[in-house]
Amino acid sequence: MSYFKDMIKDTRVFGVLVFLAMLVSLPISWMLQEMFNAGLMLSFISSYTLGVIIVFSAFFIYAVRKENMIENGD
């Protein structure tokens, strides 16, 4: 778990993750507006939440796998 903590402490990595979450949220926001005729802020907030969940969970899975590879010497 130390690899994950070291990566998150790096502000560049955190900034890239937030930027990727924003990029992921834009198509989701557009889809919510088209499907449910939702307001702009409501669809953006909900889609940004989904984007954060998707990007950070993918990063967490990557960091855990990378740490396991480091521990196993792969």
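Values quoted throughout were computed directly from the atomic coordinates according to the rules given, and no laboratory measurement underlies them. Only a predicted model underlies this, so the values are computations on that prediction, with no experimental measurement involved. Note: ideal-geometry Cβ built from the backbone for every residue, glycine included; neighbour counts use all protein chains shown.
Work out, step by step, the length gained on full extension between Leu40 and Ile70: first 0.36 nm times the residue separation, then minus their alpha carbon distance; give nm to one decimal.
6.4 nm
Remind me, relative contact order of segment 2-72 in percent, using alpha carbon pairs under 8 angstrom and six or more residues apart?
Worked out over segment 2-72, it gives 39 percent.
Test of understanding: extend the Cα→C-beta vector of Leu23 to 7 Å, then name every residue of segment 38-74 with backbone N under 19 Å from that spot.
So the set is 47-63.
Tell me, what ³J(HN,Hα) does each residue in segment 44-49 have, in order and in whole Hz, if you take phi through Karplus 6.51 cos²θ - 1.76 cosθ + 1.60 with θ = phi - 60° and put x for Gly and Pro?
Whole-Hz 3J(HN,Hα) from phi for segment 44-49: 5, 5, 5, 6, 5, 4.
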